[in-house]
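No lab work stands behind these numbers, since they all come straight from the coordinates. As the structure is a prediction and not an experimental result, all values here were calculated from the model. Backbone-built Cβ (ideal geometry, glycine too); neighbour counts: all protein chains shown.
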C-alpha cells in the first residue's frame, strides 16, 4: 500500500475504524488486485478504469461511486440510509448491510449487480 493511502488509513478516528475497516476488507476480498490510490483526498480502489472510494465523517463512513446508477438499487432497498448523488453514508450507530453493499461495489466495478 502506498504511503499516502497508509497515512489516510492510520488517521481514521477510532470510532470510525470498525465500519471503515469492514468496507476496506469487503472491497479487497472482492477485488484483491485493486490498486488503491488517493483521489479527491480519499482512498480510491481502482480496477481497470472503474472505481469505488471510501471516506469518513463525524458520524460515520461513506462509500463513493461515479454514477447514481450504481447505488439506485441500494437506495430503493434501504431508503432510511442517507445517500448523496452517487454515494452512501453509513452511520456508526447502524450495522452495515453487507450483502447490499457488495452489490453496489460490484455494480461500480463491473457494471452489474
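Subtracting the Cα-Cα distance of residue 72 and residue 57 from 0.36 nm times their residue separation leaves 3.2 nm of extension gain. In this simple spin-label model, placing a label point 7 Å from the Cα along the Cα-to-Cβ direction at both residue 106 and residue 37 gives a separation of 2.7 nm.
Here is how the number arises for the chain: DSSP H runs of 4 or more residues each give -39500 (n - 2.57), the sum is divided by the residue count, and the result at 222 nm is -11000 deg cm²/dmol.
Given points 7 Å out from each Cα along the Cα-Cβ axis, report the residue 48 to residue 80 separation in nanometres with one decimal. Calculated label separation equals 3.8 nm.
Let me know the shape class of the chain, please: from the alpha-carbon gyration tensor, a ≥ b ≥ c as square roots of the eigenvalues, rounded when a/c is under 1.5, otherwise prolate if a/b is greater than b/c, or oblate. Verdict is oblate for the chain.
Computed from label points 7 Å out along Cα-Cβ, the spacing between residue 2 and residue 92 is 2.9 nm.
Just 82, 46, 91 to compare: in a GNM of the chain, with alpha carbon springs under 10 Å, which one fluctuates most? Of the options given, 82 has the highest mean-square fluctuation.
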